[in-house]
1. Got a number for residues in segment 197-215 being surrounded by 18 or more Cβ atoms within 10 Å (Cβ to Cβ) and in contact with a strand residue (DSSP E or B) (Cβ under 9 Å, 6 or more places away or on another chain)?
2. Answer yes or no: is there a residue in segment 270-284 that is part of a helix (DSSP H, G or I) and more than 22 Å from ILE318 (Cβ to Cβ).
3. Hey, among the residues in segment 27-85 that are in contact (Cβ under 8 Å) with a residue 40 or more places away in the chain and assigned to a strand (DSSP E or B), which one's surrounded by the fewest Cβ atoms within 10 Å (Cβ to Cβ)?
4. So which residues in segment 182-231 are free of Cβ contacts under 8 Å to residues at least 60 places away in the same chain and over 25 Å from SER144 (Cα atoms), if there are any at all?
5. May I ask you to list the residues in segment 121-175 that are more than 25 Å from HIS281 (Cα to Cα) and either out of contact with any His (no Cβ under 7 Å at 6 or more places or on another chain) or at pLDDT below 95 (or both)?
6. Just give me the residues in segment 134-150 being touching a Gly at 6+ places or on another chain (Cβ under 9 Å) and either open to solvent by 10 Å² or more (accessible area, probe 1.4 Å) or closer than 22 Å to LYS161 by Cα (or both), in sequence order.
7. Which numbered condition trips up MET226, out of (1) outside any loop (DSSP other than H, G, I, E, B); (2) over 15 Å from the mean Cα position of the chain (by Cα); (3) crowded, with 23+ Cβ neighbours inside 10 Å?
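The values are calculated or read from the model by the stated rules, or taken from the named source; none is laboratory data. In this text the structure is predicted, and so the values were computed from the model without any measurement. Glycine gets a Cβ as well: all are built from the backbone with ideal geometry, and neighbour counts include every protein chain shown. These area figures cover heavy atoms from the full protein model, side chains too; ligands, DNA and RNA do not enter into them. Shrake-Rupley method; radii C 1.70, N 1.55, O 1.52, S 1.80 Å.
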Amino acid sequence: MKIETIAIHAGNQLDQGNKAVIQPITLSTTFERADDGSYPTGYSYGRSNNPNRNSLENVLAKLENGTAAAAFSSGNAAGMTVFQSLEPGSHLICPNDMYHGLRNQLKKIFADKLEFDFIDLNDLELVEASIKPNTKLIWVETPSNPLLKITDITAIAAIAKKASVKTVCDNTFATPVLQRPLDLGADLVMHSTTKYLGGHSDVLGGALVAREADEWWLKLKQIQEMGGSVPGPFDCYITVRGIKTLPYRIKGHVENATKLTAFLENHPKVERVFYPGAASHPQFKIAQKQMSAGGGMLSFLIKGGAKEALAVINKLKIFTQATSLGGVESLIEHRASVEGPDTKTPQNLIRASVGLENIEDLVEDLTTGLTAI
């Protein structure tokens, strides 16, 4: 099946009782045992499994061309599960512009349990030189947040495999519509399903998808079940519903982001635009190799600093100044303010999640905003 068909059908089950076309929400936290104490339906307790969560995990695995998937209550919970699965003293190699939520987990929660280095993953010689005897994992985030840097997944996975190290790729920005890291050699994919997969800014969630259901995967699933950071049935249902339109929403996001990039690149008050689908992007050739399009996220540097960046944002009417991304509505933010005092993000950078509004309205809104500087 093609991805549009997978998105609609892989997360749905025809109700066998009343033949409802859309799977119902199963809210029960517990399920009846048989006379011999077994669970004839395979469901036992809501923390362990649930029909709606199984449907979500099924469609996620198929979208990423993986063997198995695990759904979590948030993207951060999914990432933390990976870190918890590693033996104390394990070493990780991470990107120097890693998403600040997961970077802060490592620095504030796992600092006395794990070792980690934040480096430029585009420097393949440095990546290879950074591998230690206790290195267990290389974390890839591509496109990255918020600089939209592109990392060569195939090259990193090859280095990792040679050293018997696992590769995990955060595929939140690209989605499986535009990029499939498992096909490129990654062992595990992570998503914040809150973003493009849910697609409507109304449900939190996270996911892990594995290329192989190996011993490490069984440990990840054990942490999911025993730790209990799982999404509720309604959250799973809403995410599955959002996924049904994912391929077509992504087409709209890409079209708008491409046109908005062209507008910004020609604006006299914009210093630089970061968009993987633009020929001006420093890793454009890598993006072309592993992505089918540039996605719906872009960042740009305005001429000035934090004061000027905030002035632009505060003048906008259609773009909403809010954290998060991937919804049908356009969001914008001064990313350095969000990340805090230890941010590495330039103070004149504005990050935009380009929504599905009419592009002429979005261009007009940004034109007005840029008059503030």
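1. So the count comes out to 9.
2. Filtering segment 270-284 down to residues part of a helix (DSSP H, G or I) leaves 284.
Checking the rest, the ones that are also more than 22 Å from ILE318 (Cβ to Cβ) come to 284.
Yes: one or more hits.
3. My answer is ALA68.
4. Hits for segment 182-231 are ASP214, GLU215, LEU218, GLN222, MET226.
5. Taking segment 121-175 first, the residues more than 25 Å from HIS281 (Cα to Cα) are 129-137, 160-166.
Selection gives ALA129, SER130, ILE131, PRO133, LEU137, ALA160, LYS161, LYS162, ALA163, SER164, VAL165, LYS166.
6. Taking segment 134-150 first, the residues touching a Gly at 6+ places or on another chain (Cβ under 9 Å) are 134, 139, 143, 148.
The answer is ASN134, TRP139, PRO143.
7. (3)
Okay, residues lined up against (1) open to solvent by less than 60 Å² (accessible area, probe 1.4 Å); (2) touching a helix residue (DSSP H, G or I) at 6+ places or on another chain (Cβ under 6 Å); (3) without any contact (Cβ under 8 Å) to a residue 24 or more places away in the chain:
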site: ALA278; (1), (2), (3): yes, yes, yes
site: MET291; (1), (2), (3): yes, yes, no
site: MET297; (1), (2), (3): yes, no, no
site: PHE300; (1), (2), (3): yes, yes, no
site: ALA309; (1), (2), (3): yes, no, no
site: LEU316; (1), (2), (3): yes, yes, no
site: ALA322; (1), (2), (3): yes, no, yes
site: GLY327; (1), (2), (3): yes, no, no
